[in-house]
Amino acid sequence: MDNFSKKYVETFMAGLTAANPGEKEFAQAVGEVLQSVAPYIMDYPQLKEQKIMERMVEPERVIIFRVPWVDDRGQVQVNRGFRVQMNSAIGPYKGGIRFHESVNLSIMKFLAFEQTFKNALTTLPMGGAKGGSNFSPKGKSDAEVMRFCQSFMTELQRHIGQDTDVPAGDIGVGGREIGFLFGQYKRLRDEFTGTLTGKGLSWGGSLLRPEATGFGACYFAQEMLATRGEGFKGRTVVISGSGNVAQYAAKKAMQLGAKVVTLSDSNGYIYDPDGLDEEKWQYVMTLKNMLRGRIREYAVKYPTATYYEGQKPWGVKCDIAMPCATQNEIDGDAARTLVANGCFCVTEGANMPSTPEAVEVFQNAGILYSPGKASNAGGVATSGLEMTQNSIRQHWTSEEVDAHLHRIMSDIHASCAKYGAKPDGSIDYVKGANLAGFIKVAWAMVDQGIV
Ligand code: NDP
Ligand code: 2IT
């Protein structure tokens, strides 16, 4: 990076951290984008004069609200709800809702910021947002989750709408939660619209939305691998997480001929040297989605597998790694271990799962590495397709949706290749994704004046 860009990044980040004390995940996400786009901003003084980046890091609106509810013992509980409406330059706010005990403003802002660029990459007209609560559905009864969702939506409903802001799922928010949230929204607003995505198939949902993030990540990885004459076939894949994204990343990787040897949750990981098969995958689906159990139970059911309590799967030798759990789950040491063990492709299903140091390790090693905002965009893209189907009141076949998803993932890959091309012919996917997303949103903001 030239000295002008370097100075710009340093000054900007000093201002950002002073204005947003303690928001370390948000600063991390902004810092990464800024590194990629600073030289471009230097080339276009209008973007600097118009304070495009300064405006991009200031959410258009942040809503923080009380979520009171009553648990099964009759005790009153209080959680904090959030919706960060980050940027609406290219479409209505769009982004998931996360229910996890770790949720705070920094995490909401980092996710909403990432979402803005990701949504721009999908080629669909969607702005960026994220919401959630420090509520954990883990260990709660269905009735408790329902009462919480109803209370959460009672406040959120006044800030969202099909042309304003369209939430969806994320960690801790799946089909069950979207159902409860949609039911309460419909009741309070007296309208049946596509204001939430990830809905059930019989009430406005799109085929393939549950599969979309994991499948899309594999489609993106296929594109990356193809640049080196590689593919999934016969390759060993390490996956973290065992939720929505991990489940369908595993399924597609298996379909493409790979051996998936790990899954995890926040307590530990399982290593199955024989790899998952259809029956084992179905067991995981039932275990996680119906029984709401822990991944350690996999090793009880299939004794060829071993469960490692309190550990992450990155020490397992693999060709391809797909982090699909949460932010900063791969640190510098884990990245060095992956590379040393021969891993040559890291495709992020989660949002910002690699620390900046880990990203540097992957890039210096010259392996294929895609940031989440590129490779996990299939989820929100298919949410966009759900919105389209809701608007035209039609229901597409899974073949139609899959064809759109495939095309969108390869378009995102092409954008990364265009803006991240390196002199040696390889692709810097971080720079490519950040720059492609930034250019679209930045010039839309310029067109719309100082708002
Ligand atoms: P789920 O809630 O379905 O699954 C999350 C998985 O990650 C669980 O196995 C969970 O384990 C694990 N996990 C969560 N938090 C932690 C933590 N702090 N440490 C270790 N493991 C953790 O969520 P999703 O699969 O939907 O989301 C996974 C990731 O993908 C997130 O980063 C999300 O933002 C991202 N994403 C999701 C999309 C979607 O459409 N759902 C779209 C694009 C990105 P446990 O059960 O122990 O909590
Ligand atoms: O991080 C994400 O892209 C999501 N959780 C999906 C958002 C959406 O609106 O489908």
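Since every read-out is calculated from the coordinates, none of them should be taken as a lab result. What you see is a predicted model, and the numbers here were worked out from it, not measured in a lab. Counting neighbours? That spans all protein chains shown, and the Cβs are built from the backbone with ideal geometry, glycine included.
For the stretch 155-174, a residue qualifies if it is outside any strand (DSSP E or B) and over 14 Å from GLY132 (Cα atoms), and the qualifying residues are ARG158, GLN162, ASP163, THR164. Against the list (1) under 25 Å from THR347 (Cα atoms); (2) surrounded by fewer than 23 Cβ atoms within 10 Å (Cβ to Cβ), the condition GLY179 fails is (1).
Looking at the stretch 336-355, which of its residues are more than 20 Å from the chain's Cα centre (by Cα) and crowded, with 24+ Cβ neighbours inside 10 Å? Correct list: LEU338, CYS343.
Strands (runs of 3 or more DSSP E) wholly in the stretch 70-153 with at least 3 residues that are within 13 Å of the chain's Cα centre (by Cα) - which ones?
The strands (runs of 3 or more DSSP E) meeting that bar are 93-99, 127-133.
Per-residue answers, yes or no, for (1) within 23 Å of ASN434 (Cα to Cα); (2) more than 10 Å from ligand 2 (Cβ to nearest atom); (3) crowded, with 19+ Cβ neighbours inside 10 Å:
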| site | (1), (2), (3) |
| --- | --- |
| TYR93 | yes, no, yes |
| PHE110 | yes, yes, yes |
| GLU114 | yes, no, yes |
| VAL173 | no, no, yes |
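Within the stretch 374-398, residues that are within 11 Å of ligand 1 (Cβ to nearest atom) have Cβ atoms under 7 Å from residues that are outside any helix (DSSP H, G or I) and of a type in the set (Val, Ile, Thr) in these pairs: SER375/THR347; ALA377/THR122; VAL380/THR122; ALA381/THR122; SER383/THR197, counting only partners at least 6 apart in sequence or on another chain.
Would you point out the residue of the stretch 372-386, among those that are within 11 Å of PHE220 (Cα to Cα) and more than 8 Å from ligand 2 (Cβ to nearest atom), that is surrounded by the most Cβ atoms within 10 Å (Cβ to Cβ)?
We begin by selecting, within the stretch 372-386, every residue within 11 Å of PHE220 (Cα to Cα); these are 372, 374-378.
With the extra rule that they be more than 8 Å from ligand 2 (Cβ to nearest atom), the set shrinks to 374-375, 378.
Values: ALA374: 30, SER375: 32, GLY378: 30.
Looking at residues that are within 11 Å of PHE220 (Cα to Cα) and more than 8 Å from ligand 2 (Cβ to nearest atom), I get SER375.
Tell me, yes or no, whether the stretch 311-330 has at least one residue that is hydroxyl-bearing (Ser, Thr, Tyr), more than 16 Å from ligand 2 (Cβ to nearest atom) and in contact (Cβ under 8 Å) with a residue 12 or more places away in the chain. No, the stretch 311-330 has no match at all.
Yes or no: PHE180 in contact with a helix residue (DSSP H, G or I) (Cβ under 8 Å, 6 or more places away or on another chain) and more than 16 Å from ligand 2 (Cβ to nearest atom)?
Values: in contact with a helix residue (DSSP H, G or I) (Cβ under 8 Å, 6 or more places away or on another chain): yes; more than 16 Å from ligand 2 (Cβ to nearest atom): yes.
So PHE180 fits the description; yes.
Can you find a residue that is surrounded by 17 or more Cβ atoms within 10 Å (Cβ to Cβ), away from ligand 1 (no atom under 16 Å from the Cβ), basic (Lys, Arg) and under 27 Å from THR347 (Cα atoms) anywhere in the stretch 220-237? The answer is yes; a qualifying residue exists. If you go through the stretch 39-59 and keep only what is crowded, with 20+ Cβ neighbours inside 10 Å and assigned to a helix (DSSP H, G or I), you end up with ILE41, LEU47, ILE52, MET53, MET56. Counting only helices (runs of 4 or more DSSP H) that fall entirely inside the stretch 370-426 and contain at least 1 residues that are aliphatic (A, V, I, L, M) and under 16 Å from PRO210 (Cβ atoms), the qualifying elements are 378-392, 398-419. Would you mind stating whether CYS324 is of a type outside the set (Val, Ile, Thr), within 23 Å of VAL103 (Cβ to Cβ) and either away from ligand 1 (no atom under 16 Å from the Cβ) or crowded, with 19+ Cβ neighbours inside 10 Å (or both)? Answer is yes for this residue.
Taking the stretch 356-369, which residues are without any contact (Cβ under 8 Å) to a residue 60 or more places away in the chain and either touching a strand residue (DSSP E or B) at 6+ places or on another chain (Cβ under 8 Å) or surrounded by fewer than 22 Cβ atoms within 10 Å (Cβ to Cβ) (or both)?
Of the residues in the stretch 356-369, the ones without any contact (Cβ under 8 Å) to a residue 60 or more places away in the chain are 357-358, 360-362, 364-365, 367.
If the condition is that a residue be without any contact (Cβ under 8 Å) to a residue 60 or more places away in the chain and either touching a strand residue (DSSP E or B) at 6+ places or on another chain (Cβ under 8 Å) or surrounded by fewer than 22 Cβ atoms within 10 Å (Cβ to Cβ) (or both), then GLU357, ALA358, GLU360, PHE362, ASN364, ALA365, ILE367 are the ones that fit.
The number of residues in the stretch 335-373 that are within 16 Å of ligand 1 (Cβ to nearest atom) and either touching a His at 6+ places or on another chain (Cβ under 8 Å) or β-branched (Val, Ile, Thr) (or both) comes to 4.
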